[in-house]
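Reading through the structure tokens given below for one structure.
Bear in mind that the values in this text are calculations on the coordinates, not laboratory data. Keep in mind that what you see is a predicted model, and the values were worked out from it rather than measured. Neighbour counts run over all protein chains shown; Cβ positions are idealised from the backbone, glycine included.
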Amino acid sequence: MITLALYIWLLPLLAFVIQIFLGKRLPRKGDFISITAIGISYLLSILLFVQMLTNYNPEFYITAAVPWLQVGSFNINMGIYLDNFAIVMLLVVTTVSFWVHIYSIGYMHGDPRYNRFFAYLSLFSFSMLGLVVLDNLFGIFIMWELVGICSYLLIGYYFEKDSAANAGKKAFIVNRVGDFGFLIGLLIVFTTIGSFSLLDVQQGVAQGKLTGGLLTAAGALLFCGAIGKSAQFPLHVWLPDAMEGPTPVSALIHAATMVAAGVYLMARITFMLSFDAMLVVAYTGGFTALFAATIAITQFDIKRVLAYSTISQLGYMIMAIGVGSYTAGFFHLTTHAMFKSGLFLGSGSVIHAMHNAMEKVGVHEDPNDIRLMGGLKNKMPVTYYTFLIFTLAISGIPFFSGFLSKDAILGGTLAFAMSQSNPVHYLLPFFGFTAAIITAFYMFRLVIKTFLGEPQRPDFYKHVHESQKVMTIPLMVLSTLSIFIFYTLPSLNPISAEHGWFEHLIEKPESAVSIQLGHPVLEISEHVAHSAHVNGMLVSIIFALTGIVLAFAFYFWKKVDVEALTGKIKPLYDLSFHKYYFDEIYNATFVRGLLLWNNFLAWFDLKIIDGIVNGSAFITRNFSAFSGLFDLGFIDGIVNGVADITQGIGQRARKIQTGQVQHYILGALAGLVLIMVFVLM
Amino acid sequence: MGLISLVTFIPVFGAIIVLLIPKQNEKAIKIASAVITFIPFVIASYMWGQFNFTLSGVNNEATFQFVEHTKWIQAYNIEYFVGLDGLSFPMFWLTTFICFLAIVASWNINKAVKGYFALFLLLETGMLGVFVSLDFFLFYIFWEVMLLPMYFLIGIWGGPRREYAAIKFFLYTLLGSVLMLIVMLALYFNVKDPITGGHTFNMLYMMDQSNHSAWLKGVDVRLVLYIMLFIGFAIKIPVFPFHTWLPDAHVEAPTAISVILAGILLKMGTYGIFRISYPIFPDVAVKTSYMLAILGVINILYGAFVAMAQKDLKKLVAYSSVSHMGFVLLGMSTFTDAGMNGAMFQMVSHGMITAMLFLLVGVIYDRAHHREIEGFGGLAISMPIYAGVASVAFFAAMGLPGMTGFIAEAMVFIGSFSVYRTLTVIAALGIVITASYVLWTVQRVFLGKLNPKYATIPEINGRELFTLVPLGALVILFGIYPMPILNLMRTSMTHLTELIKMVP
Amino acid sequence: MNSLLPYLITAGIVFTLGIFTIIYKKNAVGVLMGVELVLNSVNLNFIAFARFVDYQLNGQLISIFIIILAAAEAAIALAIILNIYRLKTTVDVTQVSEMKN
Amino acid sequence: MEMQEILFYAILAFTIFSAAIVAFANKIIYSAFALLFTFIGFAGLYVFLGADFLAVTQIIIYVGGILVLILFGILLTQKIYDLKALAAHNPLFLSLSGGLFVAIILAVILSKNPWFRLVDKALNPTTSAIGKAILTDYLLPFEIASVLLLGALIGAVYLARVEGKKK
């Protein structure tokens, strides 16, 4: 199995290497190489998955490592760690990646840097798969950075556009801020435990090598990395801008896989989260879920709405990890990967169609703007129906995958709040449920504005066509995977996955912190969990339906005058529309501040430090001109001074050196006279 | 004549050969120089194969390799004593490698060609000599031998402000040399040769504390000597606030010389600390290590901040060197295996990465005749291959995993975090700043709309690629699997660490 | 005429005039003439000393060699002057300062 | 005062006077002619000193050789009527001070030593004695002088030669 995992991991790398060097010269610009590689990885992942199902053992894990760095007492081993969790994640990544690859054939057709695109996709797949299979935090950090750079390259894929180049840079730098925390967390872990390996860390924490405040700090700092990568508040600002990248990239990286890496990491290290660290995680996630949802309501760019919804959904997952609903969080990651990448691919299909229509009309407007769409349902039926399925899934409607996972998270937060004595923790379910209603609302707003109602721009509408097969087939596959049945088997209960394979195989790892403390970090009784689950389910169905109905009332039946309402709550609307002015604030403080500070330091360097150097030379030069050879002060000054004096004398002396023999004779004679005078006297 | 002498002196003999070629025959001069620098590289690579990883070196002559030890100036007990160990071999090999590439990169020098290449070859001998010398006097001589050609190479073949830069460089380094000379003489008169009982310049004898005279055992004396020696090396590294010669010298020097300056000369400072300061004054080294770490952190952050404000591409790269050398300082101040090896690895890694960066700046300067960052834009459209190679170099400078810079920085951080927690956290901010200025630069130069002025700028040519690709390949190779380099140094580094820690 | 002094004084005056000429003339040929005067005065000294002090021929022989030298020097100097004239169309020694700077 | 003595001082004055003209003349051509008389004056003095061979040599080489060379030099290098070029001089003050330095030195030397008179001694013809001396005691310097002359000859020819293509 280790070998299989290695193949899954390394094949895309091979494809990348071939693509980057030879891609341009190959037929079809070598897209088949990337696709074959990821395809084989996909098949092998399925093979692994089937093996896992046949084992059906929640305790299963397998690991193997080789020494990588060995210097003296400092050693790092690199290895593969496979458990059910990793296998499911592998399958998720390869599935989305493979179908996005297929989709890209159509979407990127005719792009001048077609081969580069596939090369980057392969590199990304490699990095992401590595992040999943590696057995130690250091390796995960390496892959973490690599997915970051892939994301940078792919966001800035249309680098001729300043906005794209900016977005890529912003994404990477904001991520680096998070990685700064991640790195410090890693350092704490390594310096206390002496190993990066997940198993060693688990044992180390259990043995109490890392305790108390430092443990909380380590957990919180590692979470910083996740904040950056999973675009949690306050580092969420990069993800909406990342939509400058090609849509398949948004689907693969910024919806399904890379942004979920943060969640993956938190799930991986969930055993070392102390209670305080968990609270930090939960509140960050919960707040982000609500916060991003409120922004999504007012956006007009189809991809930005989806981006904010991604942030919001990631917030759910993070919150789930924070409240100890490990399985639910990961479950949501899985289902979300399917329907959100589907949503992005669907939006890509729409954008592609709009773009082509605009080309035909000869007008260049923003193809992403939902105000220019409407009524596309008739023109693009496949896109519409798949999009609808995804929307239902994300809104949490029974019979779809999203319902199962979201419900599990909401139930988990509710159970958490109920089992805590402090009522403040009811904030968490509040965040969750409010975000749920808003999610349903804005997702249906999107669907209605895009696909239903009257065409807003008939001129474009005329030229809109359904996308080609390579683009619709991935949509169909992903929409199939958004049906409940894939997650609830062997049971067929559409509203609970409790008895499904997922809940069985993905078992929350034993908390090392609990072992260390001798008592559970978090205690939630069976009874509380069950009642919370049932209550949560009812409430969430009601909320989701409410949201949908509201959306229809606002935008389809036009029962409410949206314009008038917007006018009434103008300040709130503006706040949401301008994303709470986060970009502006960051620009004004951090970016401006940094640039000012840099310029100040550069000035300081040039004028003060160099000025001191030059000035001291100047002073010493003059000083030594007066005090001559007695100057024993500053040596630099002497060196400079001596050089300058010599030069100065030379400057004058060379005037004497006229190059004329007659002057020399004169000088010689004068000298002779002087000698005579001295000799004779 | 041993292999070391062969490698060290081939360039200087080559310089004589070059001088004998008629000056009109520029092509022959260039080819001869390339061949001459290639031979040491081949021999050094062969020596890598012969190198025994398990011998520690540092203070024990028996565990040095390729040793040559004969009398030279008997009257003062000066010896011709050269040898290699894990501290010097990586730099020794890197020097032969970078010098060869730099010669190839000098192909379009067309002013006083003969003089340039002859001086360059002399410079190579000086640099190699510094790395192999185990006799302090010999070390000093090579140190000075290296200085003069550098002065002329900057002062004659440099940019518009070359004379200012050359004199600044010369005076700065001369100041360092003077301090080093004082320390050398102080040691000479206060260290006794255990066999003959006379004075000695032998570094290994100096490292044995029992050979020190009573005066040299004084606490204050040791501190003062250590600091003087440190300033001597700090100027070369360069450590804040002695760094201002570096941007000027780098900017004004011709491309290949910038490569040599940043790739090798800067490392001589840190090499000197490893080779001389640490083993001879281990007690002071331990006592002052916190200061060294602070200087390292200042270098990292200060270099990065100032780099970000630069408008000249070459100056930016120069300041990034200041920043990266800070990692070496931070790592070497830790006395942990990870930190020390990380520092040494960073020396090699930065040597390669910064060489790439300067070569890349040279490529664009040759075409556009300016280096204003704002003056470019969208070059990735007109020069895709160049942009690709440049991204590799810039990402490596940024510390992207999979490249050597990351390994080095990570090891330094791991080493230093166990010793200086707060400082490491502050230093780690550097990775954010570095990412900012690197990406910002990449964006301003390569991305965005194509500046119409450079729509037809010629793509990077084969010769330039020939200098860049080997470096890039090694940066990635050793970034994925760094053990080949780490193997060279780890035994020596562990030994050195133990040596320092043994001191009460 | 039978004493040394008049010769020495004469030689001294001519020597002084020769030096003066060397310094005074800008014309290279003039300078050359000055040199000839100096050489002649020295010759006179040698011969005078040979007659009044040495009583032998050594002084005269040295004079002969000086004359030979003067001839050679004049030939070379004129050749150089002609060359300079060809190159720079001047024989002004103050104009010939290529070695400066 | 004997006739001889008068003649001697007359020749002295004549020599010094023509040397002064060499020094002070504005036109180089005048200097050249004055130089001719200076040389002749010197030849006369040599006769008084009993150096008959040298006197003749002086006439032949200086007057017949060097002076002719100098005249050629002058005529070849400039147009006679180009007064500006001919009359160009360095500052008189500087030159005079130079002369003064020499004069001071010589005066000091002359005044410091007792230059004694000499009992009259017969004047013998010197030519054969010189010939013997050259071929015996002074053979080596003589040969070297011949080589020098040859060298000077070749050198002068090489220097003064006009390169073929220029003509």
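So the values come out like this:
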read-out: Among B:468-474, B:403-409, A:67-73, A:670-676, the order from most to least packed when residues are scored by Cβ within 10 Å on average; value: B:403-409, B:468-474, A:67-73, A:670-676
read-out: For A:Arg592, B:Arg421, order by how many other beta-carbon atoms lie within 10 Å, fewest first; value: A:Arg592, B:Arg421
read-out: On Cα atoms only, tilt of A:114-133 relative to the major axis of chain A in degrees; value: 80
read-out: Sequence of B:Trp215, B:Trp48 once ranked by neighbouring C-beta atoms within 10 Å, starting from the fewest; value: B:Trp215, B:Trp48
read-out: P(r) tail fraction, region B:301-504 - alpha-carbon pairs more than 27 Å apart, %; value: 33
read-out: From the C-alpha gyration tensor of region D:1-103, square roots of 5λ in Å; value: 28, 19, 11
read-out: Between 0 and 90°, nearest 10: helix B:384-398 axis offset from chain B longest Cα axis; value: 30
read-out: Using θ = phi - 60° and Karplus 6.51 cos²θ - 1.76 cosθ + 1.60, couplings along region A:63-80 (whole Hz; Gly, Pro as x); value: 8, 7, 9, 10, x, 10, 10, 9, 9, x, 8, 9, 10, 10, 9, 10, x, 9
read-out: Residue mean of other protein chain beta carbons inside 10 Å, B:236-247; value: 2
read-out: Cβ neighbours within 10 Å from other chains - mean over A:381-387; value: 0
read-out: Global form of region A:21-86, assessed from the alpha-carbon gyration tensor, a/c cut-off 1.5; value: oblate
read-out: Kirkwood-Stokes translational diffusion coefficient of region B:232-324, alpha-carbon pairs, 10 °C, 1.306 mPa s, µm²/s; value: 116
read-out: Inter-label distance, nm, simple model (7 Å from Cα along the C-beta direction), D:His89/A:Leu492; value: 13.4
read-out: Hz values of 3J(HN,Hα) by residue in region A:410-416 - Karplus curve (6.51, -1.76, 1.60), Gly and Pro given as x; value: 4, x, x, 5, 4, 4, 4
read-out: Expected-Rg normalisation [2.2 N^0.38 Å, Cα atoms] applied to region A:110-221; value: 1.33
read-out: Calculated FRET efficiency for the pair B:Arg161/B:Lys453, C-beta based, R₀ 25 Å, to 0.05; value: 0.50
read-out: For B:Leu400, residues with placed amide H under 5 Å, excluding near neighbours; value: B:Phe406
read-out: Amide H contacts of B:Thr200 (H built 1.01 Å from N, under 5 Å, at least 5 apart or other chain); value: B:Val191, B:Asp193
read-out: 25 Å tail of the calculated P(r), region B:262-402, as % of Cα pairs; value: 33
read-out: Within 10 Å of each Cβ in D:126-136, the average number of Cβ atoms from other chains; value: 2
read-out: At R0 = 45 Å, FRET efficiency that the Cβ-Cβ distance of A:Tyr61 and A:Val17 yields, to 0.05; value: 0.90
read-out: Prolate/oblate/rounded label for the protein assembly as shown (Cα gyration tensor, a/c 1.5); value: prolate
read-out: Overall dimensions of chain B as given by Cα atoms, namely Rg and Dmax in Å; value: 21.8, 74
read-out: Cα gyration tensor, chain C - rounded (a/c under 1.5), prolate or oblate; value: prolate
read-out: Region B:348-406: proportion of alpha-carbon pairs further apart than 13 angstrom, %; value: 63
read-out: Residues B:Ile460, C:Ile80 arranged by fewest to most Cβ contacts within 10 Å; value: C:Ile80, B:Ile460
read-out: Overall dimensions of region B:1-287 by Cα: Rg and Dmax, Å; value: 19.1, 61
read-out: Tilt relative to chain B, helix B:337-368 - C-alpha long axis, 0 to 90 degrees, to 10; value: 30
